[in-house]
Amino acid sequence: MSPVREIRLAWRLLARDYRAGELALIVLAIVIAVTAVTTVGFFTSRVQAALDQQANRLLGADIVIADSRPIAPALREGAEQRGLAAISVLRFPSMALRGQRSFLSDIKAVEPGYPLRGELRITDRLFGPDRVARGIPSPGEVWVDERLYTSLELAPGDRITVGSREFRVGAIVTHEPGVDFGFLSGAPRVLLNASDIESTGLIGPGSRVRYRLYAAGAEEDVARFREWAQGRLTPGQRMEGIRDARPELRSALERAERFLNLAALTSVMLAAVAIALAARRYLQRHLDGCAVMRCLGAPQFLVTRLYLTHFVMLGALAAAAGVALGAAAQLTLTAWLGEVVAVTLPSAGVLPAVQGLLIGMLLLLGFALPPLMALAQVPTVRVLRRELGVPRGTGVLGYAGGIVTIVGLILWQSHDVRFGMTVLGWLAVAMAAAAGMGWLLLRALGTLRGRGVSWRFGIASLQRRTLGTLLQVVALGLGVMALLTLTFIHGDLLRTWRESLPPDAPNRFIINIQRDQVSGIRQFFGARGLPAPEIFPMVRGRLVRIGDRSVSADDYTDERSRRLVTREFNLSWAAQLQGDNRVIEGRWWEDGARPDQFSVERGLAERLGIRRGDVLTFDVAGTPVAATVTSLRSVEWDSFNVNFFVLSPPGLLEPYPATYVTSFHLVSGQAELLNALVREFPNIVLIDIAQALAQVQRMMAQAARAVQFVFLFTLLAGLVVLYAAVAGSQDERIYQATLLRTLGASRAQIHRAHLAEFTLIGAVAGLVAAAGATGLAYFIAHRFLQLEYTPDAAVWLAGVLGTAAGVALAGWLGTRRVLTVPPLHVLRSLS
């Protein structure tokens, strides 16, 4: 037979099977899996494209050097000598005041020429038409963003106070390079002229200022400057270019992409189970047809090619439909996350579509190929002896290719072999635990056999098809567990976190207190009848050596450790141990007269490989300060008291420039006290912890919404597994129903038996899901949040009752045909 005729025949077979409904489940499983993967792929591709297409606009320059200390003038001179335009930018937190209102803001001081790349857009009135700014704020003028404008209830021409200087609000900033993405925009922004910084009195020793050197020019000049400056960067300085614009944004995107992809791959795993079940049913229903083809002279390799071509066509069409739905679904995801992505994203490329098509084909062939190979092996004698079973070769080993495909997909989408292997391990444990728990529950259900004919029949049916039942329980349990975790559990954890704080826990922090203001702060509280808060000194230093070893980011692999060794630590000194600290190794100041000692927080020590007895060297204001680690401490960070990673006895750090920090509890209704405090000490930074917590919770909720959206596909895939299992046993159910009706059973009794069976499957799956979600919440609470988690009854009710009702409905829809087949038709087919 010519290849053209083979393709035409395969197409006719495909059309016939489609009309007969033989392929509906396989198509549905592929569409769900590909839609889940391509939804995430299209969304992250569009965000990545926004970074790539507008990298220098997001950065505000072609290259940026950042440091927490003033940048040496030689770097700026080097940029200008190589033909680049260069400006300096300062950023720091401070309070913005107007009348009785104050708000923590992100102050940015810029020089003429800012921004070097991209556009700074402003408007004269709130929500009015904007325009490109023709410069920067004039001296004595500030531009603010819309959030601060509304928070301080400003009007055109109003004045605000920043530090010890009053400024006129000249414009509202509607767009600024580098702050396009909502979840990174941070505090409200104030833009002012760099020439006004000194008059604010906000920059002093120990101030939390972030210094930037912006440079831009021709591509070859930028490359020459990068090469020249690379070897002149000091520890802690970071160089960012167009290729790595907004590294914190790219890091956040990579983490989001990783978890969204893994959530989508859960749908792929369940879809694989559905395809395997549906393909096996397809095999059973086509054995006779293949036997007839063999009798008519079709060789085995021709049957194999026909069905392989048949399934390749099927996979291509189903995967293409999934890609189209994924493209539409990512528009919904983008709209749902509008608060996170506040820019107009460019169109996605074709790579997610190609990946979706590839995944769909691999999924189909990996889990449908074993039954397909078995079809070609059907003996011709089956035409006469229909009692012959399914040809061998479709066992677990037959699906080795599909399993390898799933493992490869998880390792690929996790972007990290170690992380991927961890995910695979957790999935294997979760599936094994769900299967074990489901098996125990099925055994326990045997005690209900005396409770009516319908219940006995339903339970017997479950126990007779134990493997299929456990597959349904595991698939549905994983899907429902994910949704329960993201709906009920994450809210419970946030509520438990809030409730774990004592009523008088500090809810305000004051930082950037100068040494000569410490007594004034205490007097301020005392004059108003309030207890004076404990004020702690703070010296900023960068860790440069651990023992004889120099420390650099290259020494560590995980991202958090790399960030820690490049940033400046807040160091402090204390004679007495705070109540929320506990020494777990060593002793608190082994020799009180010896100042060269450090006490290090346990988590930091474990992350950076610091042990008791190590000598740590910090660079403090350009001077090395070394001391021996004599103790390790555990710290109750959720007390919200002021705490430090590294402490020393009095005497070691006191000669160095220091600022002071404190925390206190302010009851509601005392906002005037805060305004008075900021007016009297304009340089301080007042941080409202309640607002910070609310912002963190909003970000967590937005992330949960994104993953929740993707896990909807997981639940759909679980339902497809259920329906595939129901369809796979439908011929058997028709036969059983016929026998029961022949023996006198009514339609209502059989219907109740099926309803009992699926209700029990849903209840068992819901119980597994609720137990898994509760266990996961307990693990997160104790391992990461150090909280006592109390299980919520709503999780169990929603898990058990909701899943039972949903599965009962799906099962009833899938078995309606069983009762419509005439018993005589079935009996004649057996004769």
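Overall, the stretch 551-603 carries a charge dipole of about 140 debye about its Cα centre when +1 sits on the Cβ of Lys and Arg and -1 on the Cβ of Asp and Glu, all other atoms neutral.
The accessible area of ARG5, taken with all protein chains in place and a 1.4 Å probe, comes to roughly 150 Å². Remark: spin-label model distance ARG515-ASP688 equals 3.4 nm, labels positioned 7 Å along the Cα→Cβ axis.
Mind checking the full-extension length gain between THR557 and ALA223? Use 0.36 nm per residue of separation minus the Cα-Cα distance, one decimal, nm.
117.5 nm
For a paramagnetic label modelled on HIS665 (point 7 Å from Cα along Cα→Cβ), amide N atoms under 18 Å away belong, within the stretch 532-573, to 532-535.
For GLN100 and SER746, the difference between the fully extended length at 0.36 nm per residue and the C-alpha to C-alpha distance is 224.7 nm.
Placing R0 at 56 angstrom, the Cβ-Cβ distance between GLU111 and VAL407 gives a FRET efficiency of 0.55 after rounding to 0.05. In this calculation the C-beta distance from ARG5 to VAL354 is compared with R0 = 22 Å, giving a FRET efficiency of 0.15. Between GLN576 and LEU424, the simple spin-label model (points 7 angstrom out along Cα→Cβ) gives 5.6 nm.
Annotation for TYR18 and VAL417: the two label points, set 7 Å from Cα along the Cα-Cβ direction, are 4.3 nm apart. Rounded, prolate or oblate: which fits the stretch 36-169, taking a ≥ b ≥ c as square roots of the Cα gyration tensor eigenvalues, rounded meaning a/c under 1.5, else prolate when a/b beats b/c? Judged from the Cα gyration tensor, the stretch 36-169 comes out oblate (a/c at least 1.5, b/c at or above a/b).
Available extension along the chain between ARG131 and ARG594 is 160.4 nm, counting 0.36 nm per residue and deducting the alpha carbon span. Note on the stretch 510-617: dipole from Cβ charges, positive end direction compared against ILE513, THR566, LEU616; the farthest Cα belongs to ILE513.
The values are calculated or read from the model by the stated rules, or taken from the named source; none is laboratory data. Since the model is a prediction, treat every value here as computed from it, not as a measurement. Cβ atoms come from the backbone with ideal geometry, glycine included; neighbour counts cover every protein chain shown. Protein only, heavy atoms only, side chains kept; ligands, DNA and RNA dropped before computing areas. Shrake-Rupley method; radii C 1.70, N 1.55, O 1.52, S 1.80 Å.
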